[in-house]
Amino acid sequence: MVEAIRRKASKGSAIKSFNSIILKFPKIDESLRNCKTIFDQFDEDSNGMIDPEELKHCFHKLEISCTEEEISDLFKACDIRENMGMKFNEFIVLLCLVYLLKEPAALQAKSGMGLPNLEATFETLVEAFVLLDKNKDGYVSKNEMIDAINETTTGERSSGHIAMTRFEEMDWDKNGMVSFKEFLFACTHWVGIDDAEEEDDETK
């Protein structure tokens, strides 16, 4: 995954500031929520989660070529609650990782899903991460986050605090570095997808 991000970083990012990432959130939100129909389709027992077996069916149906080991690794990487069930926001992260790691397959999958905006959305998320990853090592550090926010909010004294808050929201394992996966989970949180899921669960 880190290698794939570095390859993307070597081509540069079309996104020029953290502000422009925020401005794209409404479009990202709409596009990602459209994935719910796919999620529901493969949640065969309708329990609000996709288990490893359902994920295998999903990959087979979308003609995404992955070995059993790769599917298992992707599942473990995205099942952050480690409860052997992938919720909707975890499923979105998984689709984006598949796009990053297996672009041709992802393009095929996209047409199979009938979601033309998905590729552009995933590309935007990749480019947003590349923008933040100034030294192109495949991770975002605290200083890189502060630099990105400072470039956007010149002269605002609160910019350092904003950067730290955003960084802490992304750095789930608290190791001082943000991976692409952590960044994706933070994005689903920022556009309110995980909140909506929890509300749905509570109303059931």
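The values are calculated or read from the model by the stated rules, or taken from the named source; none is laboratory data. A quick note: this is a predicted structure, and the numbers were derived from the prediction, not measured. Cβ sites come from the backbone with ideal geometry, for glycine too, and all protein chains shown count toward neighbours. Note: accessible area is taken over every heavy atom of the protein model, side chains too, but ligands, DNA and RNA are not part of it. Shrake-Rupley method; radii C 1.70, N 1.55, O 1.52, S 1.80 Å.
Quick look at the values:
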| quantity | calculated |
| --- | --- |
| FRET efficiency, Trp172 to Glu70 (Cβ-Cβ, R0 25 Å, nearest 0.05) | 0.65 |
| Karplus-derived 3J(HN,Hα), 6.51/-1.76/1.60, for each residue of region 31-41, Hz, glycine and proline x | 5, 5, 5, 5, 6, 4, 5, 5, 4, 5, 5 |
| P(r) of region 1-112 over all Cα-Cα pairs, binned every 5 Å from zero, in whole percent | 2, 11, 19, 23, 20, 13, 8, 4, 0 |
| Estimated distance in nm for a label pair at Lys56 and Asn150, the labels positioned 7 Å out from Cα along Cα-to-Cβ | 5.1 |
| Accessible area of region 57-106 divided out per residue, in Å², using a probe of 1.4 angstrom | 46 |
